[in-house]
Structures are given as C-alpha cells and as structure tokens.
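Trainee: For reference, the structure I am asking about is given below.
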Amino acid sequence: HPLVILFKTNIKDTYFYQKGFVENLRFLSLPYEEGGRKIRLKVLRELLTLLKKENIKVVLTHRFRLLKYLYFAKLFYRDLKLIFYPVVSGEVKHFGRRLAFKLMKSSISKIVVNSRALKEELCALNVVKPEEIEIIYSSVDPGEFSLNLKKFEARRKLKLPEKGFYFGMVANFRPEKDHQTLLLAFKRFLEMGGKAYLLLVGERKQKN
C-alpha cells in the first residue's frame with residue numbers, strides 16, 4: 001500500500017481519513033513542530049531512518065517544507081526520486097523560497113502542477129522553464145455529488161428563491177481561492193444592471 005508521510009500525529013485530521021481511504025494507505029508521522037524555517041535535525045534524522053527502513057524510492061510532495069528535508073535526504077540517498085506537485089498559488093513566491101527552490105531544482109525529478117495558471121506563475125517567477133513543468137489537472141468524481149434532485153427541489157431544500165439565475169462557487173474559504181476578486185466582480189456586475197444571485201459554499205474561515 002502507498003505510504004503517506006505526515007507532519008501531524010492525528011490521522012483523523014487528514015483528508016484521507018475523512019474520505020475513508022485509511023484501509024488502503026499506511027501512515028507514518030514525522031516529529032515536526034510548527035514555527036521557524038530552519039531545518040530541524042531531529043526531523044531529518046527520522047526521515048532518513050524512514051526512507052531506509054521502508055526502502056522508499058519515490059516521494060511526491062505538495063509541500064515546500066517537506067521538499068526541503070527531502071533535498072537534504074537525497075544527499076544520502078542518491079537514487080531517491082522527488083516529485084514536487086504544488087497545488088496552491090504562492091508556494092515559492094517569497095524571495096527566500098525562490099532562491100532555495102532554484103538550488104533544489106536540480107534534485108527534483110519531476111515538477112507537476114494542477115493548472116495552467118500555476119504553471120504560468122512559476123515561469124513568471126523565473127524559477128523554472130515551461131518545458132520543465134507538466135500539468136495534471138485535478139479531477140472530480142461526479143458520482144459523489146449525484147443527489148437526483150431537480151433544480152426547483154434543490155432550491156427549495158436550500159431555502160433559495162426558486163426563480164432567478166445563480167452564480168455558484170464551491171471551494172474552501174482560503175486566500176488562494178481568491179473569493180475577494182469574485183465578490184468584487186459580482187458587485188460590479190450588479191452595479192451594471194445585472195440580476196442574479198451569488199452562492200458560495202465552502203469550509204474554513206478566511207482571515208482577510
């Protein structure tokens with residue numbers, strides 16, 4: 001089974017647990033503590049032990065902080081293949097991260113993103129060339145959202161007006177989803193005489 005390396009000890013907090021994928025995966029945690037940007041020797045030592053014990057040859061990570069540890073781990077395990085798959089904007093926008101990423105890039109076997117916008121962002125930051133990035137678009141299983149409800153039934157169930165046009169967005173309320181731009185655009189649409197409703201669905205509170 002695939003092995004999931006966590007920077008947290010509570011598996012119940014993970015997406016995999018919430019989706020019921022626990023039986024098909026194995027989980028191991030690293031002793032990572034939030035705060036600070038320095039490489040912690042304890043975490044690196046645990047990671048090296050894990051790579052050797054499990055005979056791991058390929059690691060895919062979304063997170064820049066794990067990529068840093070894997071870069072140093074590769075100094076000890078030359079055959080280790082690293083796949084960096086950032087899925088949110090701004091992962092390497094900070095000047096320090098850009099410098100670090102340029103240093104580590106030669107140790108990365110594959111760079112993958114989930115959108116053309118992310119690819120353009122990384123290229124604009126001059127940390128990679130277009131031919132060095134592959135796009136694998138995120139997919140959704142529509143079966144998970146099949147409720148067999150007619151439009152008027154859904155609106156009634158959600159206590160929404162049964163008449164009118166709706167713009168909708170389903171996404172966590174996080175900065176990279178940029179709800180603010182959507183709200184400003186919809187405000188302008190209404191000011192220009194447009195008539196519609198805006199429906200936002202998501203989790204997590206956005207600070208700004």
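Trainee: Do we find a residue being touching a strand residue (DSSP E or B) at 6+ places or on another chain (Cβ under 8 Å), open to solvent by less than 90 Å² (accessible area, probe 1.4 Å) and modelled with pLDDT under 75 anywhere in the range 16-35?
Mentor: Yes, because at least one residue in the range 16-35 is touching a strand residue (DSSP E or B) at 6+ places or on another chain (Cβ under 8 Å), open to solvent by less than 90 Å² (accessible area, probe 1.4 Å) and modelled with pLDDT under 75.
Trainee: Right, another one. Inspect all residues belonging to the range 42-52 and state whether any of them is over 17 Å from the mean Cα position of the chain (by Cα), without any contact (Cβ under 8 Å) to a residue 60 or more places away in the chain and within 21 Å of Ser138 (Cα to Cα).
Mentor: No, there is no match, as no residue in the range 42-52 is over 17 Å from the mean Cα position of the chain (by Cα), without any contact (Cβ under 8 Å) to a residue 60 or more places away in the chain and within 21 Å of Ser138 (Cα to Cα).
Trainee: Further, regarding this structure: Residue pairs, Cβ under 8 Å, 6 or more apart or interchain, first in the range 186-205 and more than 18 Å from Pro175 (Cα to Cα) and among the small types (Gly, Ala, Ser), second part of a loop (DSSP other than H, G, I, E, B) and open to solvent by less than 70 Å² (accessible area, probe 1.4 Å). List them.
Mentor: Ala196/Gly164
Trainee: Another question, if that's okay. For the range 85-109, how many residues are hydrophobic (A, V, I, L, M, F, W, C) and in contact with a Leu (Cβ under 6 Å, 6 or more places away or on another chain)?
Mentor: Residues in the range 85-109 being hydrophobic (A, V, I, L, M, F, W, C) and in contact with a Leu (Cβ under 6 Å, 6 or more places away or on another chain): 1 in total.
Trainee: Mind counting the residues in the range 169-196 that are surrounded by fewer than 14 Cβ atoms within 10 Å (Cβ to Cβ), modelled with pLDDT of 90 or more and not aliphatic (A, V, I, L, M)?
Mentor: 8
Trainee: Those residues that are assigned to a loop (DSSP other than H, G, I, E, B), of a type in the set (A, V, I, L, M, F, W, C) and open to solvent by less than 100 Å² (accessible area, probe 1.4 Å), I need them from the range 156-168; list them, please.
Mentor: Correct list: Leu160 only.
Trainee: Quickly run through the range 118-141 and pick out the residues that are at pLDDT below 90 and under 17 Å from the mean Cα position of the chain (by Cα).
Mentor: Across the range 118-141, the qualifying residues are Tyr137, Ser138, Ser139, Val140.
Trainee: Moving to a separate point now. All but one of (1) within 27 Å of Asn114 (Cα to Cα); (2) part of a helix (DSSP H, G or I) hold for Glu153; state the number of the condition that does not hold.
Mentor: Failed condition: (1).
The values are calculated or read from the model by the stated rules, or taken from the named source; none is laboratory data. Please read these numbers as outputs of a predicted model, since none were measured by experiment. Reconstructed Cβ throughout: ideal geometry from the backbone, glycine too, with neighbour counts over all protein chains shown. Heads up: the accessible areas ignore ligands, DNA and RNA and are worked out on the full protein's heavy atoms, side chains in. Shrake-Rupley method; radii C 1.70, N 1.55, O 1.52, S 1.80 Å.
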